[in-house]
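A.B. asks: Quick one: the structure is below, and I'll ask about it shortly.
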2 protein chains.
Amino acid sequence: MMKGLAEVHRAKPNDETTQHLRHLAHDLSNSLETIVQAAYLLEQTKLDEKAKKWTKLIDTAAKDAVRLNRQIREILKSQS
Amino acid sequence: MMKGLAEVHRAKPNDETTQHLRHLAHDLSNSLETIVQAAYLLEQTKLDEKAKKWTKLIDTAAKDAVRLNRQIREILKSQS
């Protein structure tokens, strides 16, 4: 079925916005991956008790962030 | 102007999706804020050279992630 002109015009900005959001969420996943890996490497070094505590906090928050961003990317993937 | 039934049905899932995305991006910003703050506190502790390197990497990646997530939230805010 052919799309009407109005429908094409309405669809276009949404498609572009979704593409833009997908691109941003992809870049975000790269930054989060860097944090997860650096936190892992940090845990392998000799840290005092306070440093261990902050590293553990970073590790947990980074894994939460990865999970949330994965959910965002799945929603965006399911769109137009 | 009154909306047709078809238009209402089409609009509803998008609104709900945007709301859901906004909610996820808001939670994500909280996780990222935790990482930025923990990285700052980590920098105040006594770290060896390797640990300093991984901490710096986390700090940079977390600031990139905050910037990207802010862009995502601004786009979502501008949507219906």
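A.B. asks: Can you tell me how segment B:28-80 classifies by the Cα gyration tensor, rounded, prolate or oblate, using a/c under 1.5 as the rounded cut? If you can, show how the numbers build up before the last one.
C.D. replies: Details: a/c = 5.67, a/b = 2.98, b/c = 1.90.
The shape class here is prolate.
A.B. asks: Using a cut-off of 18 Å between alpha-carbon atoms, which aspartates and glutamates can reach B:K52, once sequence neighbours fewer than 8 places away in the same chain are excluded?
C.D. replies: Those aspartates and glutamates meeting the cut-off are A:E43, A:D48, A:E49, A:D59, B:E43.
Values in this text are rule-based calculations from the coordinates and carry no lab data. The shown structure was predicted, so the numbers you read here are calculated from the model rather than taken from an experiment.
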